[in-house]
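Computed from the coordinates by the stated procedures, all read-outs in this text should not be read as laboratory data. Model, not experiment: these values are computed from the prediction. Cβ sites come from the backbone with ideal geometry, for glycine too, and all protein chains shown count toward neighbours.
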Amino acid sequence: MGLIPTVMSFLFGDNRNVIVETAQIFRENAENGAVRDASARNDSLTQLAAEFARPQRGLFDRMVDGLNRLPRPALALGTIWLFAMAMQDPERFAKGMEGLALVPEPLWWLMGAIVSFYFGARHQVKSQEFQRAIVQSLSVSKALQAPSARPADNPALSAWQAKNGE
């Protein structure tokens with residue numbers, strides 16, 4: 001066996017390429033890096049989706065959620081009712097406001113804390129639901145992404161090629 005076949009066998013024999021293997025020590029293989037990055041992104045999205053996954057909600061959960069929707073409209077409508085009452089029956093409105101003036105200040109602080117915690121918790125729940133919806137839409141859009149169309153699948157390009165004789 002000659003020198004050249006021996007060197008070629010050493011470099012490229014057994015389905016390996018010593019030059020490429022040596023180059024990959026100093027520079028990352030772009031294709032393998034892209035595969036690893038895509039796999040990492042997919043794993044991250046899968047984990048995030050699992051964190052925000054909700055089990056099927058029962059009747060009790062739906063009823064409690066319905067009750068949780070009542071305080072804000074009740075507060076808004078109650079405030080509007082106070083304005084209407086002040087215009088319709090000023091004496092009764094004045095007596096009601098005098099009654100509110102008799103409420104001790106610590107009770108007002110307690111009421112403020114309860115309302116603040118209620119709306120803060122509600123804001124957090126809505127924020128988490130929003131994040132969950134984003135993760136679900138990302139996973140759906142990722143599943144719906146089709147591989148890019150090949151030139152043969154493009155009707156306009158096929159017509160152009162037929163017209164130009166290619």
Fill in the blank from the handout: At q = 0.09, 0.10, 0.12, 0.19 Å⁻¹, the log10 of I(q)/I(0) for segment 24-166 from a Debye sum over equal Cα scatterers comes to -0.66, -0.72, -0.85, -1.22
Handout entry: Only Lys, Arg (+1) and Asp, Glu (-1) charged, at Cβ; segment 1-51 dipole about Cα centre in debye
Key = 180 debye
Fill in the blank from the handout: For LYS126, the lysines lying under 29 Å Cα to Cα, once residues fewer than eight places off in the same chain are dropped, come out as LYS142
